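Notes for the one structure printed next.
The values are calculated or read from the model by the stated rules, or taken from the named source; none is laboratory data. Remember, it's a predicted structure, so these values are computed and weren't measured experimentally. Counting neighbours? That spans all protein chains shown, and the Cβs are built from the backbone with ideal geometry, glycine included. Remember, those area values only see protein heavy atoms, side chains included, never the ligands or the DNA or RNA. Shrake-Rupley method; radii C 1.70, N 1.55, O 1.52, S 1.80 Å.
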Amino acid sequence: MEHILLTGSSRGIGAAALKELTGRGSKVIGHATRSSDDETIAANFTDPGAAQALWDAALEQTGGTVDVLINNAGLFDANPLDSSDIAWLDSWEDTLRINLTAAAQLSRFAVRHWQDRGTGGRIVHVASRAGHRGDSPAHWHYAAAKGGMLAMHKTIARAYAGEGILSYAIAPGFTDTSMADDYLESRGGDGLLKDIPLGKVAEPEEIARIIAFCALDAPPSMTGAVIDANGASYVR
């Protein structure tokens, strides 16, 4: 049975991934900013110490072993260019910490954990199409964080493949989650679909199946790959 730490498991893609992975027999340690049940660890990633506390708590729940880390937690708040200087900077720093820095901290803990144990492991990074093609003028910070996540993922894959430590990334486009609702509306709602040849946004369950594939089934030779899931709105 795989022991999996899944960040951002309380809603949207994370909740769908939790259901998919537990349905396949994995023991999943969930995470949310505020926990409402005994199965989910609370950790607010705007706190620099939260990632370490989450990792330690996850190890305690699993008896000392985490086999897979899924970096899914995310913040997607608009940050208008004409905000005050301090408000713009605060929003930038919160978004980078939640979307990238916490994922980097957890990835580091995971790599060192597997090195100490002398075993392999897997990291799955839920990035975004924005990491490739950018985002709206109010989302510099989000695009920068997801681009950084993709670069980090490739570095991990190249550095540790020989030790059996594998890294996979997923770059969804628009997905039908509460996090994306305000953005979809701000960008024209149904009019936004004109930019998606498939004619619809992804369902969380679609992305969850890709997460489960990377966490449990993807062959080692796929390490370093980025799987796009954007309805052909960005192809490369």
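What the table shows:
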read-out: Odd one out for residue 155 among (1) open to solvent by 20 Å² or more (accessible area, probe 1.4 Å); (2) in contact (Cβ under 8 Å) with a residue 40 or more places away in the chain; value: (2)
read-out: Any hit, the range 129-149, residues being touching a strand residue (DSSP E or B) at 6+ places or on another chain (Cβ under 9 Å), aromatic (Phe, Trp, Tyr) and open to solvent by less than 30 Å² (accessible area, probe 1.4 Å); value: no
read-out: Matching residues, the range 161-217, being small (Gly, Ala, Ser) and either modelled with pLDDT under 95 or out of contact with any helix residue (DSSP H, G or I) (no Cβ under 7 Å at 6 or more places or on another chain) (or both); value: 161, 162, 164, 173, 178, 180, 186, 188, 189, 191, 199, 202
read-out: Strands (runs of 3 or more DSSP E) lying entirely in the range 1-43 (those with 3 or more residues that are in contact with a strand residue (DSSP E or B) (Cβ under 9 Å, 6 or more places away or on another chain) and at pLDDT 95 or above); value: 3-6, 27-32
read-out: Residue count, the range 81-111 (criterion: touching a helix residue (DSSP H, G or I) at 6+ places or on another chain (Cβ under 8 Å) and over 28 Å from residue 159 (Cα atoms)); value: 4
read-out: Flag if residue 65 is of a type in the set (Ser, Thr, Tyr) and touching a residue at least 40 places away in the same chain (Cβ under 8 Å); value: yes
read-out: Among (1) touching a Gly at 6+ places or on another chain (Cβ under 7 Å); (2) farther than 25 Å from residue 144 by Cβ; (3) of a type in the set (Gly, Ala, Ser) - the single one residue 74 does not satisfy; value: (2)
read-out: Some residue of the range 81-88 being more than 24 Å from residue 147 (Cα to Cα), surrounded by fewer than 20 Cβ atoms within 10 Å (Cβ to Cβ), among the aliphatic types (A, V, I, L, M) and without any contact (Cβ under 8 Å) to a residue 40 or more places away in the chain; value: no
read-out: Residue match in the range 111-121 (condition: open to solvent by 10 Å² or more (accessible area, probe 1.4 Å), assigned to a loop (DSSP other than H, G, I, E, B) and of a type outside the set (Ser, Thr, Tyr)); value: yes
read-out: Total residues in the range 76-93, condition under 22 Å from residue 174 (Cβ atoms) and assigned to a helix (DSSP H, G or I); value: 1
read-out: Residue 134 being over 15 Å from the mean Cα position of the chain (by Cα), within 26 Å of residue 203 (Cβ to Cβ) and without any contact (Cβ under 8 Å) to a residue 24 or more places away in the chain; value: yes
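Results for (1) open to solvent by 30 Å² or more (accessible area, probe 1.4 Å); (2) in contact with an Asp or Glu (Cβ under 7 Å, 6 or more places away or on another chain), shown as yes or no for each residue.
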position	(1), (2)
5	no, no
20	yes, no
26	no, yes
40	no, no
54	no, no
61	yes, no
71	no, no
77	yes, no
107	no, no
